[in-house]
Amino acid sequence: MPLVKVFARVGMTKPIPLASLQSKLCAIWSTKPETTKLILSRVEDWTSDSFDEDCYIDIRAYGKAERTREFVLDGMTQVQKAFAEENLVANVRLETYEGERYFHVPPPKASK
């Protein structure tokens, strides 16, 4: 699960502990912090016709064979529970992609 975008309204005052959530998501998906990036974006507003969530979670994940529909749906439910443990209501969306179509150029490591 390399990218987890967390959207929250600007006016929401509940804390969103990214480090704690990253740890929980790594445990759920059996990934490492180096490959599980959480990004928080504060937005002015969103439509809320169907849900009353604190956070909208948008996950992009590599579509491995072992990540079956059932596995992914169970993981998404666990993600909702991880946010609930932090007193946050999460609306979770997950999209998989093919590895051959994924490109990433990280910045070079600083020499010490």
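What number of residues within the range 71-90 are touching a strand residue (DSSP E or B) at 6+ places or on another chain (Cβ under 8 Å), open to solvent by 30 Å² or more (accessible area, probe 1.4 Å) and touching a residue at least 24 places away in the same chain (Cβ under 8 Å)?
Adding up the residues that qualify gives 1.
So which of THR31, THR35, THR13 is among the hydroxyl-bearing types (Ser, Thr, Tyr), out of contact with any Gly (no Cβ under 8 Å at 6 or more places or on another chain) and closer than 16 Å to VAL89 by Cβ?
On the way: THR31 fails: closer than 16 Å to VAL89 by Cβ; THR35 fails: closer than 16 Å to VAL89 by Cβ.
Matching residue, one of THR31, THR35, THR13: THR13.
For the range 6-34: of the residues being polar (S, T, N, Q) and surrounded by fewer than 13 Cβ atoms within 10 Å (Cβ to Cβ), which is nearest to TYR102 (Cα to Cα)?
Applying the first criterion (polar (S, T, N, Q)) to the range 6-34 yields 13, 20, 22-23, 30-31.
From what's left, surrounded by fewer than 13 Cβ atoms within 10 Å (Cβ to Cβ): 13, 30.
On the way: THR13: 35, SER30: 20 Å.
The qualifying residue nearest to TYR102 (Cα to Cα) is SER30.
Which condition number does THR68 fail, the rest of (1) surrounded by 12 or more Cβ atoms within 10 Å (Cβ to Cβ); (2) over 30 Å from MET12 (Cβ atoms); (3) β-branched (Val, Ile, Thr) being met?
Only one criterion in (1) surrounded by 12 or more Cβ atoms within 10 Å (Cβ to Cβ); (2) over 30 Å from MET12 (Cβ atoms); (3) β-branched (Val, Ile, Thr) is unmet by THR68, namely (1).
Taking only the range 52-65 into account, find how many residues are over 19 Å from TYR97 (Cβ atoms) and surrounded by 16 or more Cβ atoms within 10 Å (Cβ to Cβ).
Step one: list which residues in the range 52-65 are over 19 Å from TYR97 (Cβ atoms), which gives 52-56.
Then keep just the ones that are surrounded by 16 or more Cβ atoms within 10 Å (Cβ to Cβ); that gives 53-56.
Counting residues in the range 52-65 that are over 19 Å from TYR97 (Cβ atoms) and surrounded by 16 or more Cβ atoms within 10 Å (Cβ to Cβ) gives 4.
What is the one condition in (1) assigned to a helix (DSSP H, G or I); (2) at pLDDT below 85; (3) under 18 Å from THR36 (Cα atoms) that ALA82 does not satisfy?
Checking ALA82 against (1) assigned to a helix (DSSP H, G or I); (2) at pLDDT below 85; (3) under 18 Å from THR36 (Cα atoms), the one that fails is (2).
Please find, within the range 85-109, the residue that is modelled with the highest pLDDT out of those that are assigned to a strand (DSSP E or B) and of a type in the set (Ser, Thr, Tyr). Walk me through how you get there before you give the answer.
Applying the first criterion (assigned to a strand (DSSP E or B)) to the range 85-109 yields 90-97.
Still in the running and of a type in the set (Ser, Thr, Tyr): 96-97.
Values: THR96: 87, TYR97: 84.
So, considering only residues that are assigned to a strand (DSSP E or B) and of a type in the set (Ser, Thr, Tyr), the one modelled with the highest pLDDT is THR96.
Taking the condition of being in a loop (DSSP other than H, G, I, E, B) and either more than 20 Å from GLU85 (Cα to Cα) or open to solvent by 40 Å² or more (accessible area, probe 1.4 Å) (or both), how many residues in the range 35-51 meet it? Steps first, please.
Filtering the range 35-51 for residues in a loop (DSSP other than H, G, I, E, B) gives 36, 44-51.
Of the ones still in play, those that are also either more than 20 Å from GLU85 (Cα to Cα) or open to solvent by 40 Å² or more (accessible area, probe 1.4 Å) (or both) are 44-51.
Residues in the range 35-51 being in a loop (DSSP other than H, G, I, E, B) and either more than 20 Å from GLU85 (Cα to Cα) or open to solvent by 40 Å² or more (accessible area, probe 1.4 Å) (or both): 8 in total.
The values are calculated or read from the model by the stated rules, or taken from the named source; none is laboratory data. Being a predicted model, the structure only gives us computed values, none of them experimental. Please note: Cβ atoms are built from the backbone with ideal geometry, for glycine as well, and neighbour counts cover all protein chains shown. What goes into the accessible areas is simple: the full protein's heavy atoms, side chains included, and nothing from ligands, DNA or RNA. Shrake-Rupley method; radii C 1.70, N 1.55, O 1.52, S 1.80 Å.
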